[in-house]
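Visitor: One structure follows; several queries about it will come next.
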Amino acid sequence: MMADEASTRLFPTEPASHLRPRSRSVKSLVSTPESSFWRTFCSSSFQPSSLHLPITSLSFSPDSSLLASASSTSVRLFSSLSLSNPDPYPYPYPDSEPTPFATLPLPDLAYSPSFRCDGALIAAGCENGSVRVFDFPKNNKSPKTLRRLKAHSCASRVVSFPLLDHKLCLFSAGDDALFVQWDLPTETPLFTVPGAHRDYIRAGAPSPVSPDVFATGSYDHTVKIWDARVDSGASASSVLSINHGHPVESVLFLPSGGLLATAGGNTVKLWDVIAGGKPVYSVETHNKTVTALTLAKVRDDTRLLSVSIDGYLKSFDFSRFKVTHSMRYPAPLLSVAFSPTGTIRVVGTNNGLIYMGIKKKKDEFEGQVRSNDFAWSVPLPEKPTTRKNIRYFKRGQSEKPSEGDFVIKKPEKVKLKEHDRLLRKFLHKDALVSVLKTKQTTSIMAVLEELVARRKLIKCISNLDNDELGLLLSFISKKATVPWCARFLMDLAKWVLEIRAEDIRSGGTEMSVHVRTLRAMVAHEIQGYVILGSGATVRTFTLERRAPY
């Protein structure tokens, strides 16, 4: 009896089919040049201070010999030799953590450390509005304060030297919306614009082609480009003004100087400065606010790195408009820096940790033939070839299967529709416009519900131009009373009319026709009734206002 009970409690010898791990595809095992490059970095982390203070800014010197990190009331300087620890083990060990060789004290919270083009000076802003310029400590001497610049009444969040060989001026901007170009020898402002923006100035970048051109980004959603060679003062106007659409957190000129990258909200946008601020591309791969941008040297190319509060670092190839790599960190990211030599990558978090990657080994794609005048292109991995046996050639390529043969058919490739392909690329507005042009109700409703699930429908409605808005209103006015989609479309119609009210009023007769058609159909449905037997029951719609998508 005991043996029978024991035998009934045994588990099955084979696991269920749905519990078995999925087999990895061949494509996931193939190494690309981009992924191979980022795998050559050995990751580690360290904490500059015993207090868990946010790392608000990171900056490398032009020769990559020093790293400056701003947190709390000090700017700490680290040597690249101490960062490049020869120990292969990670930095959690206390004996192997890099220690700063100098600390620049500031009277209040420190912001935006910036090195001069020759690396001889460093400047930083303060919460009290002052800007301090320091000389580097040499021969184990304490850091020396060379200049104290005072013009801001609030925090000076943006401090930067020009990128070109112009050593006597400095740019600063702050929460008081004041933008200043300083003359360092005399400590006097050369170019001043009070009220440069209507809100806090939290981002700025010097131009790589002119020492007098500077871009500022503000929480009033605008980015302005200033030229210090024109007249300053309260009546001074910017050379170019761009509306990003979100509070701007970071601004960066690309190496050519003709393109400008702006970060705000969860988007990074590229603008053509030469064409008068024409939008070039929008990257929407982050889920939360993008906090910082920087440039990275990947072999012979340049990548745009962006970090966000969602903990992701994204590498964007702006020559192909493609995100080429992504890295996940266990904390919200506030700052990022990449050494000009391309050997050290650092990111700062809100909990006081600095995550660092040091290039230790050469990747397999760097072994390329080079000469004095040219370099071969990076080879791509070869595609696996199918080896055919001798029976295949004896049979012949045109041989047809006999009656007893078992034919293995090749799986047919699923051909995606255009809106599905656009959704896979996260081009939400283009996908919505594409499916509206097909005039297929089922496909349009599927795309709308997918945009609701991704929380992108309201944003797509805001970005539609007048012709695209007419397509959406035409669909709503025709299908708003279809029973299976009426509830969804009626709520959508209310949001469209609220968000784009001004565009609909100024859209002309076509817009007004769509709105009148929708109003007439809704009124007809509300007044309709269905006779049941001898009585009558009035069928009405209950239009409930729901939360935005």
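The values are calculated or read from the model by the stated rules, or taken from the named source; none is laboratory data. Here the structure is a predicted model, which means the values were calculated and not measured. Don't worry about glycine lacking a Cβ; one is built from the backbone with ideal geometry, like all the others, and counts go over all protein chains shown. Accessible surface areas use protein heavy atoms only, side chains included; no ligands, DNA or RNA. Shrake-Rupley method; radii C 1.70, N 1.55, O 1.52, S 1.80 Å.
Visitor: Of everything in segment 154-176, what is open to solvent by 60 Å² or more (accessible area, probe 1.4 Å) and modelled with pLDDT of 90 or more? Give them in sequence order.
Guide: Hit for segment 154-176 is R157, nothing else.
Visitor: Collect the residues in segment 179-207 that are farther than 23 Å from T291 by Cβ and open to solvent by 20 Å² or more (accessible area, probe 1.4 Å), keeping them in residue-number order.
Guide: Scanning segment 179-207 gives D183, P185, T186, E187, T188, P189, L190, T192, P194, G195.
Visitor: Something else about it: Just give me the residues in segment 286-310 being without any contact (Cβ under 8 Å) to a residue 60 or more places away in the chain and not in a strand (DSSP E or B), in sequence order.
Guide: Within segment 286-310, H286, N287, K288, T289, I309, D310 qualify.
Visitor: Examine segment 192-199 for a residue that is of a type outside the set (A, V, I, L, M), over 27 Å from the mean Cα position of the chain (by Cα) and not in a loop (DSSP other than H, G, I, E, B), and state whether such a residue exists. I'd like the intermediate steps shown before the answer.
Guide: Start the filter on segment 192-199 by keeping residues that are of a type outside the set (A, V, I, L, M), which leaves 192, 194-195, 197-199.
Within this subset, residues satisfying the condition of being over 27 Å from the mean Cα position of the chain (by Cα) are 192, 194-195.
Within this subset, residues satisfying the condition of being not in a loop (DSSP other than H, G, I, E, B) are 192.
Checked against the condition, which is being of a type outside the set (A, V, I, L, M), over 27 Å from the mean Cα position of the chain (by Cα) and not in a loop (DSSP other than H, G, I, E, B), segment 192-199 yields at least one hit.
Visitor: So, E412, is that one out of contact with any strand residue (DSSP E or B) (no Cβ under 9 Å at 6 or more places or on another chain), part of a helix (DSSP H, G or I) and either farther than 28 Å from E502 by Cβ or of a type in the set (D, E) (or both) or not?
Guide: Details: out of contact with any strand residue (DSSP E or B) (no Cβ under 9 Å at 6 or more places or on another chain): yes; part of a helix (DSSP H, G or I): no; either farther than 28 Å from E502 by Cβ or of a type in the set (D, E) (or both): yes.
No: the conditions fail for E412.
Visitor: Further question: Under 8 Å by Cβ, and 6 or more places apart or on different chains, what pairs join a residue from segment 456-473 that is among the hydrophobic types (A, V, I, L, M, F, W, C) with one that is in a loop (DSSP other than H, G, I, E, B)?
Guide: L457/Y549; I458/P548; I458/Y549; I461/R500; L464/R500; L469/R500; L469/G507; L472/L464
Visitor: Is it the case that segment 485-492 has a residue that's at negative phi and either loosely packed, with under 14 Cβ neighbours inside 10 Å or not in a helix (DSSP H, G or I) (or both)?
Guide: Going through segment 485-492, the residues at negative phi turn out to be 485-492.
Filter again for either loosely packed, with under 14 Cβ neighbours inside 10 Å or not in a helix (DSSP H, G or I) (or both), leaving none.
For segment 485-492, residues at negative phi and either loosely packed, with under 14 Cβ neighbours inside 10 Å or not in a helix (DSSP H, G or I) (or both): absent.
Visitor: Let me ask something else. So which strands (runs of 3 or more DSSP E) are wholly in segment 208-271 and hold at least 3 residues that are open to solvent by 40 Å² or more (accessible area, probe 1.4 Å), among the small types (G, A, S) and at pLDDT below 95? Even if it seems obvious, please write down each step before you answer.
Guide: On the way: elements: 213-218, 222-227, 240-243, 248-253, 259-264.
Where strands (runs of 3 or more DSSP E) fall fully within segment 208-271, none carries at least 3 residues being open to solvent by 40 Å² or more (accessible area, probe 1.4 Å), among the small types (G, A, S) and at pLDDT below 95.
Visitor: For segment 31-44, give me each residue that is at pLDDT below 85, buried (at least 17 other Cβ atoms within 10 Å of the Cβ) and either in contact with a strand residue (DSSP E or B) (Cβ under 8 Å, 6 or more places away or on another chain) or assigned to a loop (DSSP other than H, G, I, E, B) (or both).
Guide: E34
Visitor: Something else about it: Is there any pair with a first residue in segment 131-142 that is under 18 Å from P113 (Cα atoms) and modelled with pLDDT of 70 or more and a second that is in a strand (DSSP E or B) and open to solvent by 100 Å² or more (accessible area, probe 1.4 Å) whose Cβ atoms are under 9 Å apart and which are 6 or more apart or on different chains, and what are they?
Guide: V131/R148; V131/K150; R132/R148; V133/R148; F134/K144; D135/K144; F136/K144
Visitor: Another question about this same structure. From G533, G528, which residue is modelled with pLDDT under 80, of a type outside the set (D, E, K, R) and surrounded by 10 or more Cβ atoms within 10 Å (Cβ to Cβ)?
Guide: On the way: G533 fails: surrounded by 10 or more Cβ atoms within 10 Å (Cβ to Cβ).
Testing whether each residue is modelled with pLDDT under 80, of a type outside the set (D, E, K, R) and surrounded by 10 or more Cβ atoms within 10 Å (Cβ to Cβ) leaves just G528.
Visitor: Can you tell me how many residues within segment 272-290 are hydrophobic (A, V, I, L, M, F, W, C) and either surrounded by 19 or more Cβ atoms within 10 Å (Cβ to Cβ) or in contact with a helix residue (DSSP H, G or I) (Cβ under 7 Å, 6 or more places away or on another chain) (or both)? Reasoning before the result, please.
Guide: Within segment 272-290, the subset hydrophobic (A, V, I, L, M, F, W, C) is 273-275, 280, 283, 290.
Still in the list and also either surrounded by 19 or more Cβ atoms within 10 Å (Cβ to Cβ) or in contact with a helix residue (DSSP H, G or I) (Cβ under 7 Å, 6 or more places away or on another chain) (or both): 273, 283, 290.
Total meeting the criteria: 3.
Visitor: Okay, next question. Could you check how many residues of segment 419-455 are in a helix (DSSP H, G or I) and open to solvent by 100 Å² or more (accessible area, probe 1.4 Å)? Break it down into steps so the answer makes sense when it comes.
Guide: Our first condition is that a residue be in a helix (DSSP H, G or I); within segment 419-455, this holds for 419-424, 428-438, 441-453.
If we keep only those that are open to solvent by 100 Å² or more (accessible area, probe 1.4 Å) too, we end up with 421, 424, 437, 442, 449.
The number of residues fulfilling the criteria is 5.
Visitor: Every residue in segment 311-333 that is assigned to a loop (DSSP other than H, G, I, E, B) and either hydrophobic (A, V, I, L, M, F, W, C) or touching a residue at least 12 places away in the same chain (Cβ under 8 Å) (or both), please. Break it down into steps so the answer makes sense when it comes.
Guide: Of all residues in segment 311-333, those assigned to a loop (DSSP other than H, G, I, E, B) come to 311, 318-321, 329-332.
Within segment 311-333, G311, F318, S319, F321, Y329, P330, A331, P332 meet the criteria.
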